[in-house]
Amino acid sequence: MKKVLSSAAALMCGLAAAASTSAHAQTSVQIYGIVDSGVAHLTNVNAAGDSNTKVPSLTSSFPSRIGFKGTEDLGGGLQAFFVLESGLAMDNGSSQQGGRMFGRAALVGLKGDWGTLTLGRQNNMTYISGLKADVLGPHLFAIGSIDPYLPNARSDNAIGYMGNFNGVVVGATYSFGRDASAAGGPAATNCAGEVVGNSKACRQYTALLGYENKQWGLNASYDRLKGNTGAAGGLTSPNNTDIRSTVNGYLMLGATKIGGGAIDRETNAATGPTESLLWYLGVSHPVNNFVVDVQAAARNTRHSDDDVTMLVARLSYALSKRTVLYTAIGRMDNDGNSAVALDAGGSVGVGKTQNGVMLGLRHHF
């Protein structure tokens, strides 16, 4: 009898161990990140025409971050997943995105053949629409300098969906309160939403439709956000809106990518309505361990002379699969009363032309 009980106990222990091993095999958690910093020199940073040399706080070639992501296989082709991602300021080690712990992403979701469904703070469709068309990406000298919302297009309190069906891409987000941070700026605009009795306060919805494959892609997106009392950008009422409609595309000619797009923006703020059109066009070409990127962009503000034009060139050299050395030069021309700095988050004298050069190092882990 003792032998039978001993054998049964051994069998149960073996089954439990096997089940535990199987469960662990179906679940994975990863720690990842980018550490990217450099030195930039800018001219005409103020009305006196002074120059400045600095370590940027926002980004150099890619925003620095540390993230945690995990997946669990639920069977039947269904997966659960999460992403927690924190932005880092490399000049002083502080948190980005208005000081949030996980300001870049804090979401949980399900993924299947039907697409992905996500809940939490996440990138919306304006951000996703330009990922493959913008050859510079969230670079310090890039279109994010002209419209800081573009590389910071995230939504709090959001439900998101993305699907790819034989190259046809569809996506949407809906936010009950687009931005819970009280800090100003593109990453935090003090519009928490979820107001009882007010179904419009700080709501936001975005949508995307496109087609993409390895050779070419084209998409269009729509982004409508509303305001409330105390919100930044003049959106101090639920009736105030900020709307961006985009068209973006890319074409591969061998290893060379050509990418570009246009962003039409209509703002109905407390300070009055404005309308502008921002376009960009770039080329990216690899040569052995080098990559050369060149991009031109311009923003035309309707019924105003406050226009801006940008030209940037970047050269990157891969020291390894994880480490990249890069340099860039750029120029931002401001017309009228425009004061758009070449470096994202920087400063420039009103109506002045600003030139800049930078050198940096990026490491992925």
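The values are calculated or read from the model by the stated rules, or taken from the named source; none is laboratory data. Note that this is a predicted model, so its numbers are computed, not measured. Don't worry about glycine lacking a Cβ; one is built from the backbone with ideal geometry, like all the others, and counts go over all protein chains shown. Accessible surface areas use protein heavy atoms only, side chains included; no ligands, DNA or RNA. Shrake-Rupley method; radii C 1.70, N 1.55, O 1.52, S 1.80 Å.
Just a yes or no: is a residue in the range 252-260 touching a Gly at 6+ places or on another chain (Cβ under 6 Å) and either at pLDDT 95 or above or on the phi > 0 side of the Ramachandran plot (or both)?
The first filter runs over the range 252-260 and keeps only residues touching a Gly at 6+ places or on another chain (Cβ under 6 Å), leaving 259.
In the following step, the residues that additionally are either at pLDDT 95 or above or on the phi > 0 side of the Ramachandran plot (or both) were identified as 259.
Among the residues of the range 252-260, at least one is touching a Gly at 6+ places or on another chain (Cβ under 6 Å) and either at pLDDT 95 or above or on the phi > 0 side of the Ramachandran plot (or both), which makes the answer yes.
Among the residues of the range 39-83, write down those that are among the aliphatic types (A, V, I, L, M), out of contact with any Leu (no Cβ under 8 Å at 6 or more places or on another chain) and open to solvent by less than 70 Å² (accessible area, probe 1.4 Å).
Val45, Val55, listed by residue number.
If I ask for residues that are over 17 Å from the mean Cα position of the chain (by Cα), polar (S, T, N, Q) and surrounded by 15 or more Cβ atoms within 10 Å (Cβ to Cβ), which ones from the range 89-136 would you list?
Passing the criteria: only Thr116.
Given the criteria buried (at least 16 other Cβ atoms within 10 Å of the Cβ) and among the polar types (S, T, N, Q), does Ser175 qualify? Lay out the reasoning, then the answer.
Details: buried (at least 16 other Cβ atoms within 10 Å of the Cβ): yes; among the polar types (S, T, N, Q): yes.
So Ser175 passes the test.
Could you check Asp305 against (1) modelled with pLDDT under 95; (2) open to solvent by 70 Å² or more (accessible area, probe 1.4 Å); (3) closer than 30 Å to Ala188 by Cβ and say which number it fails?
(3)
Taking the stated definitions as given, is Ser57 among the small types (Gly, Ala, Ser), touching a His at 6+ places or on another chain (Cβ under 7 Å), in contact (Cβ under 8 Å) with a residue 12 or more places away in the chain and not in a strand (DSSP E or B)?
Numbers: among the small types (Gly, Ala, Ser): yes; touching a His at 6+ places or on another chain (Cβ under 7 Å): no; in contact (Cβ under 8 Å) with a residue 12 or more places away in the chain: yes; not in a strand (DSSP E or B): yes.
No: the conditions fail for Ser57.
Please indicate, with yes or no, whether at least one residue in the range 334-346 is at negative phi, modelled with pLDDT of 95 or more and part of a strand (DSSP E or B).
Yes, the range 334-346 contains a residue that is at negative phi, modelled with pLDDT of 95 or more and part of a strand (DSSP E or B).
Only residues that are open to solvent by less than 50 Å² (accessible area, probe 1.4 Å) and not polar (S, T, N, Q): list them for the range 231-256, please. Working first, answer last.
Our first condition is that a residue be open to solvent by less than 50 Å² (accessible area, probe 1.4 Å); within the range 231-256, this holds for 231-232, 234-235, 237-238, 240-246, 248-250, 252, 256.
Selection gives Ala231, Ala232, Gly234, Leu235, Pro238, Asp242, Ile243, Arg244, Gly249, Tyr250, Met252.
Regarding the range 145-167, can at least one residue be identified that is among the aliphatic types (A, V, I, L, M) and closer than 13 Å to Gly345 by Cβ? Show your work before the answer.
First pass over the range 145-167, keeping only residues among the aliphatic types (A, V, I, L, M): 146, 150, 153, 158-159, 162.
Applying the additional criterion that residues be closer than 13 Å to Gly345 by Cβ yields 146.
For the range 145-167, residues among the aliphatic types (A, V, I, L, M) and closer than 13 Å to Gly345 by Cβ: present.
Could you say which residue among Tyr280, Tyr211, Tyr222 is of a type in the set (Phe, Trp, Tyr) and free of Cβ contacts under 8 Å to residues at least 60 places away in the same chain? First the steps, then the outcome.
Numbers: Tyr280 fails: free of Cβ contacts under 8 Å to residues at least 60 places away in the same chain; Tyr222 fails: free of Cβ contacts under 8 Å to residues at least 60 places away in the same chain.
Being of a type in the set (Phe, Trp, Tyr) and free of Cβ contacts under 8 Å to residues at least 60 places away in the same chain holds for just one of Tyr280, Tyr211, Tyr222, which is Tyr211.
Give Ser276, Ser284, Ser245, Ser237 a once-over and let me know the one that is among the polar types (S, T, N, Q) and part of a loop (DSSP other than H, G, I, E, B). Explain how you work it out, then say what you get.
Numbers: Ser276 fails: part of a loop (DSSP other than H, G, I, E, B); Ser284 fails: part of a loop (DSSP other than H, G, I, E, B); Ser245 fails: part of a loop (DSSP other than H, G, I, E, B).
That would be Ser237, the only listed residue that is among the polar types (S, T, N, Q) and part of a loop (DSSP other than H, G, I, E, B).
If we keep just the residues of the range 17-37 that are outside any helix (DSSP H, G or I) and either polar (S, T, N, Q) or at pLDDT below 95 (or both), which is least open to solvent (accessible area, probe 1.4 Å)? Let's see the steps before the verdict.
Within the range 17-37, the first condition is being outside any helix (DSSP H, G or I), and the residues that meet it are 26-37.
Now restrict to residues that are either polar (S, T, N, Q) or at pLDDT below 95 (or both): 26-28, 30, 37.
Details: Gln26: 90, Thr27: 64, Ser28: 64, Gln30: 89, Ser37: 34 Å².
Going through the qualifying residues, I end up with Ser37.
If you go through the range 342-355 one residue at a time, do you hit one that is more than 23 Å from the chain's Cα centre (by Cα), crowded, with 16+ Cβ neighbours inside 10 Å and of a type in the set (A, V, I, L, M)?
Within the range 342-355, one or more residues are more than 23 Å from the chain's Cα centre (by Cα), crowded, with 16+ Cβ neighbours inside 10 Å and of a type in the set (A, V, I, L, M).
For Ala231, only one of the following conditions fails: (1) within 20 Å of the chain's Cα centre (by Cα); (2) in a loop (DSSP other than H, G, I, E, B). What is its number?
Of the numbered conditions (1) within 20 Å of the chain's Cα centre (by Cα); (2) in a loop (DSSP other than H, G, I, E, B), the odd one out for Ala231 is (1).
Enumerate the pairs (first residue in the range 140-156 and within 22 Å of Lys54 (Cβ to Cβ); second residue anywhere and assigned to a loop (DSSP other than H, G, I, E, B) and of a type in the set (Val, Ile, Thr)) with beta-carbon separation below 6 Å, excluding pairs fewer than 6 apart on the same chain, so at least 6 apart or on different chains.
Leu140/Thr59; Ile146/Val340
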